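Quick note: the coordinates plus some simple rules give every number you see, no bench work behind them. From a predicted model like this one, the values you see are computed outputs, not experimental measurements. Don't worry about glycine lacking a Cβ; one is built from the backbone with ideal geometry, like all the others, and counts go over all protein chains shown.
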Amino acid sequence: MGSKTSFDFDSNIDTALNDGQLRKNLRNAMDILVEKRRAIFPDSDQLQQLRAAGNAIKRRALKKLPQLLEQLEAKCTANGIHVHWAEDTSQANHIILEIMRRHEASAVVKGKSMVSEEMHLNRFLEAHGLEGVETDLGEFIIQLNHETPSHIIVPAIHKNKDEVAAIFHEKLTGTPYTEDVEELTAIARRTLRERFADAKVGLSGVNFAIAETGTLLLVENEGNGRMCTTVPDVHVAVMGLEKVVEKLSDVPPLLRLLTGSATGQLITTYINMISSPRKADEKDGPKEVHLVILDNGRSSILADPQLRQTLLCIRCGTCLNHCPVYVRIGGHAYGHVYPGPIGKILTPQMEGLEKAGVLATASSLCGACGEVCPVKIPIPDLIRRLRYESYDQEAAAVVDGGGYKKNFAETMVWKGWELANRSPLLNELGTRVAGAMGNHLPKVGPLKQWTSVRTAPRIARKSLHQRLRDEGVNHE
Amino acid sequence: MQRKVSPDPSNKVYFFATCLIDAVYPDAGMAAVNLLRSQGVEILFPPDQSCCGQPAFNSGFIQQARTVARKQIHVFSKPYPIVVPSGSCAGMMKHHYPELFAGTKEEAAARDFASRIFDLFEYLATVLNVRLDDRGAPTTVTWHSSCHALREMNVVQYAKALIGQLSKVTLVELERETECCGFGGTFAIKQAAISAAMVKDKVDDIRRSGASTLLAGDCGCLMNIAGAMAHGQLAIDGKHLAEFLWERTNGQ
């Protein structure tokens with residue numbers, strides 16, 4: 001339908017659905033994550049109160065976003081943190097390149113950061129003869145295997161233990177094959193320790209940036225985040241501009257929602273709060289701290305009162321874990337950095353509908369994502385909105401590429417449907433014709449898709465309308 | 001949402017057939033009508049009713065959905081409760097109609113209409129307080145919760161409570177009861193492969209339950225699941241709960 005989709009979604013879906021190992025890995029992992037979340041939020045009333053609080057805090061932050069970002073910049077600068085603004089990913093990448101060159105760094109050790117994935121930083125650095133070293137265990141595994149994350153929180157979740165064992169054996173020279181998880185972790189730790197010791201620059205993401213205090217808050221479980229932010233002389237933090245919150249007191253409910261929704265934890269093993277570089281009387285910590293604040297389309301998303309709810313997201317990944325589509329096709333099938341329900345609404349807005357609008361079709365609108373979202377993003381409503389923008393019947397689209405799917409045939413189908421459903425005579429006639437044809441409806445188009453795994457619906461000889469009329473039902 | 005009407009059980013109710021019941025499952029519609037009548041309710045059936053508009057609404061054709069929604073609001077204008085034998089259509093009319101007309105002069109009418117929407121089983125269980133006398137033979141069934149009955153209407157407990165009243169019926173719950181069956185309206189066509197994978201898993205779950213009948217409260221799901229069971233030549237019957245309740249209590 002005239003689509004210039006930048007990836008072959010159908011083929012990705014087909015490959016994933018036919019990969020039995022992948023589907024088994026995903027189902028097992030998602031079941032565990034869903035169960036852990038359920039166990040950490042046993043009281044549904046309390047959870048609903050917490051979600052309402054999280055939604056209110058993030059909504060307030062978005063409402064005051066320009067002001068809070070200015071306050072964050074002023075506070076950070078006063079604390080000795082260098083603040084950089086990047087309109088797009090190319091600018092963000094060049095800011096990091098410039099910092100690395102100034103410090104003659106050949107590699108940067110990286111804590112887990114989805115924004116750095118959005119920037120395709122590793123690829124960019126490689127093109128400039130530099131190296132991005134992933135130090136989160138999951139990221140480390142997939143980097144060894146030249147893959148991208150398949151999940152926002154657990155990037156190597158599509159791999160099972162045996163597959164990881166094979167990757168380590170094959171890619172890390174001199175590593176004997178082992179399926180022992182502790183031994184595998186120890187191998188990663190030994191390899192990464194050397195990289196931490198040598199690195200001049202460390203990079204991290206940001207979970208919450210607190211405007212009031214100029215504090216960058218980062219949660220993690222492996223300690224690699226703390227290594228990245230304290231061992232090298234230079235720490236660069238990257239964040240999307242929606243990560244700012246107003247006050248320190250906004251953080252506890254959001255943290256509770258984030259860790260509970262993401263991994264079913266009451267609290268993560270590490271919570272890093274970075275407020276300045278090393279001070280004169282301090283013995284460790286980076287000598288220089290940079291904060292790169294990335295827009296990359298976010299301020300356009302902010303402009304629309306409904307779509308801006310996309311920016312409430314705290315990247316917990318629980319919408320992926322609960323999604324009946326994600327659990328069957330996995331993150332790579334979506335062809336973009338952010339998969340699952342949040343990716344279906346975020347990616348088309350960032351990349352434009354023409355390139356990524358097809359993602360919005362991959363939802364049965366079952367509502368599981370919206371039900372669990374810790375900040376109450378109405379994801380199904382936003383998916384529906386993007387479908388509307390894709391056809392743009394009323395010429396009111398605001399998303400880039402609006403109306404890209406508009407076509408005569410589909411428009412006529414829905415106009416015909418509209419006519420039949422507001423004209424009682426046509427409606428009845430349609431049902432009667434279908435009823436008379438019974439099971440002789442031609443199996444073409446939609447019916448062909450339907451009947452590949454199901455029998456065709458049997459149209460009744462007499463509709464309910466007819467049956468009730470025959471018996472003389474009252475209709476006042 | 002606050003209910004605008006506090007329905008009187010002896011009073012009249014509107015019956016909204018839904019387009020699928022009208023054309024494909026009229027027996028389920030007749031059963032629903034009979035169940036309501038057996039409780040002394042008078043059924044009003046406006047013949048100009050059609051579809052709730054959800055297919056267009058979910059596909060991005062909001063303008064077309066709005067026209068069809070306006071028609072229903074007009075047809076069901078008197079202050080009677082509107083009983084709907086589908087959680088999904090009920091959810092559309094209760095929650096999305098007010099959205100469709102938000103900020104327009106039709107919003108008040110849409111809200112009034114929405115406040116009168118009841119899921120059939122919700123109405124039977126909470127307003128009519130039905131007591132069912134099971135006259136059927138012992139049997140084992142399972143139940144499929146439609147996503148919108150579960151998450152938009154929050155009425156699944158009423159359907160299950162009604163099944164629970166049938167003394168000779170054993171209900172075996174599905175392992176993944178809250179997971180979508182893969183219908184999703186046009187989703188089943190636009191993402192046919194994913195939808196097929198979802199319904200296959202649902203059918204496997206149903207088969208493992210050992211039930212001889214699958215009950216559902218939504219004909220979209222039913223058409224999908226029962227269609228897949230028939231395609232796989234499974235000897236499991238798929239049935240709308242209204243039809244099952246009427247058969248069991250009417251001694252058929």
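Here the range B:135-185 is treated with +1 on each Lys and Arg Cβ and -1 on each Asp and Glu Cβ, and its dipole about the Cα centre works out to around 260 debye. In the range A:1-94, taking the dipole from charged Cβ atoms about the Cα centre, the farthest positive-side position among A:ASN28, A:LEU17, A:ALA92 is held by A:ASN28. Multiplying each eigenvalue of the alpha-carbon gyration tensor of the range B:188-240 by 5 and taking the square root yields semi-axes of 18, 13, 9 Å, largest first, rounded to whole angstroms.
Shape analysis of the protein assembly as shown based on the Cα gyration tensor places the equivalent ellipsoid semi-axes at 51, 27, 24 Å, largest first. Between A:SER204 and A:GLY111, A:VAL236, A:ALA237, A:VAL238, the built amide H atoms are under 5 Å apart, and every one of these is 5 or more places off in sequence or on another chain.
Protection proxy ranking, highest mean first, for peptides A:160-167, A:106-113, A:228-235: A:106-113, A:228-235, A:160-167, where packing is the per-residue count of other beta-carbon atoms within 10 Å, averaged. Each Lys and Arg contributes +1 and each Asp and Glu -1, all at the Cβ; summed about the Cα centre of chain A, the dipole is approximately 1500 debye. Placing pseudo-labels 7 Å out from each Cα toward the beta carbon at A:ASN28 and A:ALA74 gives an inter-label distance of 5.4 nm. Relative contact order of the range B:12-126, taken over Cα pairs closer than 8 Å and 6 or more residues apart, is 29 percent. Averaged over the residues of peptide B:177-187, the number of Cβ atoms from other protein chains lying within 10 Å of each residue's Cβ is 5.
The residues B:GLU42, A:GLU139, B:GLU179, when put in order of fewest to most other Cβ atoms within 10 Å, stand as B:GLU42, B:GLU179, A:GLU139. Here the ratio of the Cα radius of gyration of the range A:96-233 to 2.2 N^0.38 Å is 1.07.
Averaged over the residues of B:33-40, the number of partner chain Cβ atoms lying within 10 Å of the residue Cβ comes to 1. Dipole magnitude for the range A:109-198: computed about the Cα centre from +1 point charges on Lys and Arg Cβ and -1 point charges on Asp and Glu Cβ, it is near 180 debye. In order along the range A:352-367, phi translates into HN-Hα couplings of x, 5, 4, 7, 10, x, 4, 4, 5, 7, 8, 8, 8, 6, 6, x Hz, rounded to whole numbers, per the Karplus curve 6.51 cos²θ - 1.76 cosθ + 1.60 with θ = phi - 60° and x for Gly and Pro. Enclosing the Cα atoms of the range A:408-470 in their convex hull gives a volume equal to 94 cubic angstrom per residue. Evaluating 6.51 cos²θ - 1.76 cosθ + 1.60 at θ = phi - 60° for every residue in the range A:391-408, the Karplus couplings come out as 8, 6, 4, 9, 6, 10, 5, 10, 7, 4, x, x, x, 5, 9, 4, 8, 4 Hz, glycine and proline recorded as x. Counted over all Cα-Cα pairs of the range A:177-293, pairs farther apart than 22 Å make up 41 percent. Estimated from helices alone, the mean residue ellipticity of the protein assembly as shown at 222 nm is -14000 deg cm²/dmol (sum of -39500 (n - 2.57) over DSSP H runs with n ≥ 4, per residue). Between the residues A:LEU291, A:LEU307, A:PRO155, the greatest Cα displacement towards the positive end of the dipole of the protein assembly as shown, with unit charges on the Cβ of Lys, Arg, Asp and Glu, is found for A:LEU307.
Each of the peptides B:47-54, A:61-68, B:89-96 was scored by the mean count of other Cβ atoms within 10 Å over its residues; in descending order, highest first, they stand as B:89-96, B:47-54, A:61-68.
No other cysteine beta carbon under 4.7 Å away is the test; run it over chain A and list who passes. Flagged as lacking a Cys partner: A:CYS76, A:CYS228, A:CYS313, A:CYS316, A:CYS323, A:CYS373. Ordering A:THR455, B:THR18, A:THR347, A:THR77 by the number of other Cβ atoms within 10 Å of each residue's own Cβ, fewest first, gives A:THR77, A:THR455, A:THR347, B:THR18.
Remark on the range B:12-126: Rg and Dmax equal 13.5, 41 Å (Cα only).
Report the net charge of residues surrounding A:GLN48, where surrounding means a beta-carbon distance below 13 angstrom and charges are Lys +1, Arg +1, Asp -1, Glu -1.
Net charge around A:GLN48: -1.
The mean number of Cβ atoms from other chains found within 10 Å of a Cβ in peptide B:64-75 is 4, as a whole number. Computed over neighbours whose Cβ is under 11 Å from that of A:GLY264, the net charge equals +2, Lys and Arg +1, Asp and Glu -1.
Listing A:ARG256, A:ARG60 from fewest to most neighbouring C-beta atoms within 10 Å gives A:ARG60, A:ARG256.
How high is the relative contact order of chain A, given as a whole-number percent (alpha carbon pairs under 8 Å, six or more residues apart)?
Numbers: 776 pairs, mean separation 92.1, N = 476.
Result for chain A is 19 percent.
For chymotrypsin sites (Phe, Trp or Tyr not before Pro), the sites in the range A:171-212 that DSSP calls loop and that have at most 14 other Cβ atoms within 10 Å are A:TYR177. Dipole orientation for the range A:408-470: of the candidates A:PRO457, A:GLY445, A:THR411, A:PRO457 has the Cα lying most toward the positive pole (charges on Cβ; Lys, Arg +1; Asp, Glu -1).
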